[in-house]
Amino acid sequence: MTGMQLPLKHDYSCEEYLTQKIWEKKLLSACPNHPEGGCGFERLGTYTRSSSDGRGEVPIARYRCRRDGKTFSILPRFFAARYLGNLQQLEDQVVAAEAQGAWQAAKNLQASEASSHVDSYQWLRRRKKAVHRCLSALVGLLPKTLVRGVLQVRELRRTLGTKQTLLHLRRQLEGRLPQLAVPIGFCGASSSRPIS
């Protein structure tokens, strides 16, 4: 069974998402691949992702197309696609790596996924590289916002006047997210398991 992440189209904070139990609501009315129906589209239940901010496990709604054998999970906007944690944490980690260098930022990082400083460094470098690669791919779509060669998140924060740059870009490119690279977009590894 292959999985595909789709964005939840409303802005909820993690607290609102949990308090209102958004994952229990009908988030998809039809199969994305067969909007005409007849494919045996059904609610599959949920899986959980760690909020990484002390709120615990967050349920993610999941659906299945019986005809294709594909699953669709509805990821809240605040989560990074295919990466553990939320977009804001990822952005803050990348900004720290840009400002201090990845080695120094990794020293300061309390990454539970990493068991040593070298592991933290490699973990942080993978995340920074993914964000910069994603921003590079967005240059043509947002030429007034993203200028080739100025792809540092801390520079973009100044340009956009927000400390929620990745979330801002996700909102701006809402209709194109299935074709855009992770962690902002949803085009990435075919595995539905989050990567570090």
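The values are calculated or read from the model by the stated rules, or taken from the named source; none is laboratory data. No experiment lies behind these values; they were computed from the predicted model shown. In this analysis, Cβ positions are derived from the backbone assuming ideal geometry, glycine residues included, and neighbour counts consider all displayed protein chains.
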* To do: Can you tell me which residue within region 54-73, out of those that are over 18 Å from the mean Cα position of the chain (by Cα) and assigned to a strand (DSSP E or B), is surrounded by the most Cβ atoms within 10 Å (Cβ to Cβ)?
  => 63
* **Unmet criterion (only one of (1) of a type outside the set (D, E, K, R); (2) in contact (Cβ under 8 Å) with a residue 24 or more places away in the chain; (3) assigned to a loop (DSSP other than H, G, I, E, B)) for residue 23** => (3)
* Residues being over 18 Å from the mean Cα position of the chain (by Cα) and in a loop (DSSP other than H, G, I, E, B): count how many of those fall in region 28-53. => 14
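Residues are listed down the side, and each one gets a yes or a no for (1) within 13 Å of residue 87 (Cβ to Cβ); (2) in contact with a Ser or Thr (Cβ under 8 Å, 6 or more places away or on another chain); (3) of a type in the set (A, V, I, L, M, F, W, C); (4) without any contact (Cβ under 8 Å) to a residue 40 or more places away in the chain:
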site	(1), (2), (3), (4)
137	no, no, yes, no
160	no, yes, yes, yes
164	yes, no, no, no
170	yes, no, no, no
* Among 130, 96, 80, which is in contact (Cβ under 8 Å) with a residue 60 or more places away in the chain and within 19 Å of the chain's Cα centre (by Cα)? -> 80
* Asked: Which residues, taken from region 74-112, are among the hydroxyl-bearing types (Ser, Thr, Tyr) and surrounded by fewer than 19 Cβ atoms within 10 Å (Cβ to Cβ)?
  -> 112
* Asked: Do the conditions hold for residue 126, that is, is it at pLDDT 85 or above and in a loop (DSSP other than H, G, I, E, B)?
  -> no
* Asked: Since residue 12 meets every condition but one in (1) in a loop (DSSP other than H, G, I, E, B); (2) over 22 Å from residue 167 (Cβ atoms), which condition does it not meet?
  -> (2)
